[in-house]
1. So for the pair T231, E379, with labels modelled 7 Å out along Cα→Cβ, what separation do we get in nm?
2. Please give, to one decimal in nm, the separation of the simple spin-label points placed at D172 and S186, each 7 Å out from Cα toward the Cβ.
3. Can you work out ³J(HN,Hα) from phi for every residue in region 204-216, in order, using Karplus 6.51 cos²θ - 1.76 cosθ + 1.60 and θ = phi - 60°, giving whole Hz and x for Gly and Pro?
4. Build a GNM of the chain with springs between Cα atoms under 10 Å: which of A309, A188, A136 gets the top mean-square fluctuation?
5. May I ask you to rank R52, R321 by accessible area, largest first, using a 1.4 Å probe over the protein chains only?
6. Arrange the residues R178, R152 by how much accessible surface each exposes, largest first, with a 1.4 angstrom probe.
7. Counting only residues 5 or more places away or on other chains, whose amide H sits under 5 Å from the amide H of T106 once H atoms are built in the peptide plane?
8. What list of ³J(HN,Hα) couplings, whole Hz, do you get for region 367-375 from phi and the Karplus terms 6.51, -1.76, 1.60, once you set θ to phi - 60° and write x for glycine and proline?
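The values are calculated or read from the model by the stated rules, or taken from the named source; none is laboratory data. Quick caveat, the model's predicted, so the values are computed rather than measured. Positions of Cβ are generated from backbone atoms using ideal geometry, with glycine treated the same way; all protein chains shown enter the neighbour counts. The accessibility values were calculated without ligands, DNA or RNA, using every heavy atom of the protein model including side chains. Shrake-Rupley method; radii C 1.70, N 1.55, O 1.52, S 1.80 Å.
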Amino acid sequence: MTSPTSRRTLLGALLAGGALAAAPTLPRTDHHRPDHHRPGRPPHPARPATRRTGTLFLGTYTSTTPGGTGIGVASYDRSTGGITARTVVTGVENPSYLALHPTGSTLYAVDEQQNGGVTAVALADDGTFRVLGTRATGGAGPCHLSVHPGGRWLFSANYTSGSVAVHPLAADGSVGERTDLVAHSSPAPGPGQDGPHAHQIITAPDGNHILAVDLGTDTVYTYRLDEAHGTLEQLSYAALHPGAGPRHLTFHPDGRHAYLACEVDNTAVVCGYDPATGTLTPGDPQSTGTGSGTSYPAQFLVTADGRFAYLANRGHNSITRYAIEDGGAALRLIDTVSVGGDFPRHTAFSPDGSLLFAANQNSGTVTAFRVDASTGALESVGTAFAEPAAVCVLPM
């Protein structure tokens, strides 16, 4: 969330709906489709870039002042990290989180508003963008979505109403009518929470289990997806300590460990994971390296070789670097570096893992860092790119 209360305040003021419009055409600078990674997985090991430039899709809030006007589209230089504006895909209200279809031909966005929705945008090889349509999630304030590795199902997490939804995906990438909606009703909300608040839903690396992180109930739920009917069956849940406020879960490449960013108590948690059962076992809370008080940790990134992890801290405006040790079972805090912006809501690697981008919500900027493959050190590169209310960055 943006602060202890600001997400709820923001959502209370959002307008439902919004007319869909065809997006403008522009010359694409990079026709390369990214390798597909299962949700929560890091990018593949670094490999030579086939083109000098890549594409950044930028999620924004369109209802704030200042705010975005849709999904931003920019180019970035793979060598320098420099970012150049290209266009905006309009017709999506509050597209605060983005995800790609495994084929790379369709982009999905949440419509984070009271009557939540998910929108599909076709990415044509001729450089055009076309909004395919929106479907209701059945909940309020969807803030995260992901595509099942098979490419037939879309998952979304409704923050305000504390539920997760499933939608089928057609051959052309468009979203069908919802097939399931699961409300998180137990355990009871944690201290200071007014109810469940689903913040993330991803497929585990084993491909057989769906994990949903709920900040309000301090819980990570494990589901099995019925791929014939698009329904979720709860198998188990992992309880964090009361008041942890888990936000986002990121897996280690081994598929047996994962890392939780807990935004309410300002901690990081290493979890064990059993691929056979989908059982997640949280460890003890660890420091984010940001000092006392709450710094609203946002999410982890893990390098493809499994050696380093990075945690974005919104209140501290920094990125914490950890060394991953003991085969993924331990984090050793190395340092924190300034993110060069205000309130880093989301971070992402470039497809080759050589660059790290941060979307800084309050400063309305995107900043870039070069990742040292041997030490994991981050070096600021390029110039901060202006994007009002930038809350998600998706590099291609």
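1. Going by the 7 Å Cα→Cβ label model, 5.6 nm.
2. Taking the two extended label points, one gets 4.5 nm.
3. 5, x, 5, x, 9, 10, 10, 10, 10, 9, 10, 5, x
4. The residue that fluctuates most here is A188.
5. Working: R52 150, R321 35 Å².
Largest accessible area first, the residues go R52, R321.
6. Details: R178 95, R152 120 Å².
Listed by decreasing accessible area, they come as R152, R178.
7. HN-HN under 5 Å from T106: H101, L123.
8. 10, 10, 9, 8, 9, 6, 5, 8, 10
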